[in-house]
Amino acid sequence: MTGAELIGAERKRQIEEEGWTPEHDDEHNDESLVLVAICYAAPVPIFQREGDEQYFAFVDPWPDSWDTKWDKRPFDHYTGKPLDPTIDERIRLLAKAGALIAAEIDRLQRRQASPDGSVHG
């Protein structure tokens with residue numbers, strides 16, 4: 001399958017097997033669909049540095065509103081070191097990222113089409 005076909009198949013799977021319907025997606029009005037897509041698409045962990053020069057911590061951008069059981073990124077979440085995914089695993093993560101971006105585009109389009117700017121409200 002092409003990349004676009006893989007993304008479409010993944011979006012279909014998310015809806016049919018996981019139950020991530022458009023109504024569910026509409027609840028994610030905090031842009032977390034995109035944050036998770038970015039996390040899945042990044043080839044290495046992407047962390048934000050917080051604090052001053054003496055004391056700092058690296059904060060993972062994985063949204064707090066998403067349970068960590070859904071985090072399938074291929075790196076050690078304690079050390080942040082990549083686990084060297086296979087090409088198939090990498091393609092799967094990119095398809096997930098693309099499907100989440102498609103879900104966010106759909107969510108925004110539903111919001112735009114709504115007379116009051118809300119979705120399902």
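Each value in this text was obtained by applying a stated rule to the coordinates, not by laboratory testing. On a predicted model such as this, the values are computed, not experimentally measured, just so you know. Cβ coordinates were reconstructed from backbone atoms using ideal geometry, including for glycine residues, and neighbour counts include every protein chain displayed.
Here's how it looks for Phe75: its modeled amide H is under 5 Å from those of Leu83, which are all 5 or more places away or on a different chain.
The phi torsions of the stretch 96-107, fed into the Karplus equation with coefficients 6.51, -1.76 and 1.60 and a -60° offset, translate into couplings of 4, 4, x, 5, 5, 5, 4, 4, 5, 4, 4, 4 Hz, rounded to whole numbers, with Gly and Pro shown as x. Taking 0.36 nm per residue of separation and subtracting the current Cα-Cα distance, fully stretching the chain between Glu5 and Trp66 would add 19.3 nm. For the pair His24 and Gln54 in one chain, pulling the backbone fully straight at 0.36 nm per residue adds 6.6 nm over the alpha carbon distance. Computing FRET efficiency as 1/(1 + (r/R0)^6) for Ser114 and Asp88, where r is the C-beta to C-beta distance and R0 is 41 Å, gives about 0.55.
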